[in-house]
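**Student:** Mind looking over this structure? Questions follow.
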């Protein structure tokens, strides 16, 4: 059944017009009145119930689509650990691919970072445009993979500013992907971790600089590794998400 992101309040029995993006998608798929679709609004905040709803198309206009919302299904398909990925933005379109796959793997949010070795440098209108593009990729990935919670893509910032606003508390684990000798295998770290959430910092091409790693550890982050192989920036972040998801497969009730 086709799935569509509908960022508004959804209630069984109501009739509503789909947002422009979802309406265009319905029309591209050539769906017709009477067809059944799935709607989700991305999260359970602000009084919204989360999960997903069945809905029936009742009218197809030239540029608008009307549906009647059906049954609510309190289904979540997130991993059992809220992972907040802070990542040095890789070059070219690799960040697009990383956000898509990280969403499929159940990331809760993504913080794009400019670091010493980052190639991409954006500010102002260009940064805002890129942020909107990345958020749309996360939405599309949720529609495809069955996720009902759209990860938030935070505005691009530099690593120093991110450190300044970072707080370390007992409810979160704070880990740094690193090849340093003192780092612990991530799988081992997961065995001893009981925190419900993780902030995971990963570098761009070439990794974080020594000074950046020292700053991260000085902020209370613990160094973890994925083994002796040197992985590409986008591979490392996704491999770490896979390890965490395998260790915490079920969404907490």
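The values are calculated or read from the model by the stated rules, or taken from the named source; none is laboratory data. Note that the structure is a prediction, hence the values are computed from the model and not measured. Counting neighbours? That spans all protein chains shown, and the Cβs are built from the backbone with ideal geometry, glycine included.
**Student:** Give me a count of the residues in the range 203-234 that are surrounded by 17 or more Cβ atoms within 10 Å (Cβ to Cβ), in contact with a helix residue (DSSP H, G or I) (Cβ under 9 Å, 6 or more places away or on another chain) and in a helix (DSSP H, G or I).
**Tutor:** Counting residues in the range 203-234 that are surrounded by 17 or more Cβ atoms within 10 Å (Cβ to Cβ), in contact with a helix residue (DSSP H, G or I) (Cβ under 9 Å, 6 or more places away or on another chain) and in a helix (DSSP H, G or I) gives 4.
**Student:** Can you tell me which of 113, 16 is touching a helix residue (DSSP H, G or I) at 6+ places or on another chain (Cβ under 6 Å), surrounded by 13 or more Cβ atoms within 10 Å (Cβ to Cβ) and part of a strand (DSSP E or B)? Reasoning before the result, please.
**Tutor:** Working: 16 fails: touching a helix residue (DSSP H, G or I) at 6+ places or on another chain (Cβ under 6 Å).
It is 113.
**Student:** Could you tell me whether any residue of the range 139-160 is over 30 Å from residue 74 (Cβ atoms) and in a strand (DSSP E or B)? Step through it out loud before you land on a result.
**Tutor:** Restricting attention to the range 139-160, the residues satisfying the condition of being over 30 Å from residue 74 (Cβ atoms) are 155-160.
Retained after the next criterion (residues that are in a strand (DSSP E or B)): 157-158.
Yes.
**Student:** Using beta carbons and a limit of 6 Å, which pairs, at least six apart or on different chains, have the first residue in the range 117-141 and under 17 Å from residue 25 (Cα atoms) and the second one assigned to a helix (DSSP H, G or I)?
**Tutor:** Once the first residue is under 17 Å from residue 25 (Cα atoms) and sits in the range 117-141, its partners that are assigned to a helix (DSSP H, G or I) give 137/96; 137/99; 137/100; 138/99; 138/103; 141/100; 141/103; 141/104.
**Student:** Right, residue 170: part of a helix (DSSP H, G or I), modelled with pLDDT under 95, farther than 30 Å from residue 72 by Cα and more than 14 Å from the chain's Cα centre (by Cα) or not?
**Tutor:** Details: part of a helix (DSSP H, G or I): no; modelled with pLDDT under 95: yes; farther than 30 Å from residue 72 by Cα: yes; more than 14 Å from the chain's Cα centre (by Cα): yes.
Against the criterion (part of a helix (DSSP H, G or I), modelled with pLDDT under 95, farther than 30 Å from residue 72 by Cα and more than 14 Å from the chain's Cα centre (by Cα)), residue 170 does not qualify.
**Student:** Another question about this same structure. Could you grab me the full set of residues in the range 186-199 that are in contact with a helix residue (DSSP H, G or I) (Cβ under 6 Å, 6 or more places away or on another chain) and under 19 Å from residue 171 (Cα atoms)?
**Tutor:** Listed by number, the residues that qualify are 186, 190.
**Student:** Among the residues of the range 86-96, are any at pLDDT 95 or above, in the same structural domain as residue 130 (by TED's automatic domain parsing), within 30 Å of residue 172 (Cβ to Cβ) and surrounded by fewer than 22 Cβ atoms within 10 Å (Cβ to Cβ)?
**Tutor:** So far as the range 86-96 goes, yes, one or more of its residues are at pLDDT 95 or above, in the same structural domain as residue 130 (by TED's automatic domain parsing), within 30 Å of residue 172 (Cβ to Cβ) and surrounded by fewer than 22 Cβ atoms within 10 Å (Cβ to Cβ).
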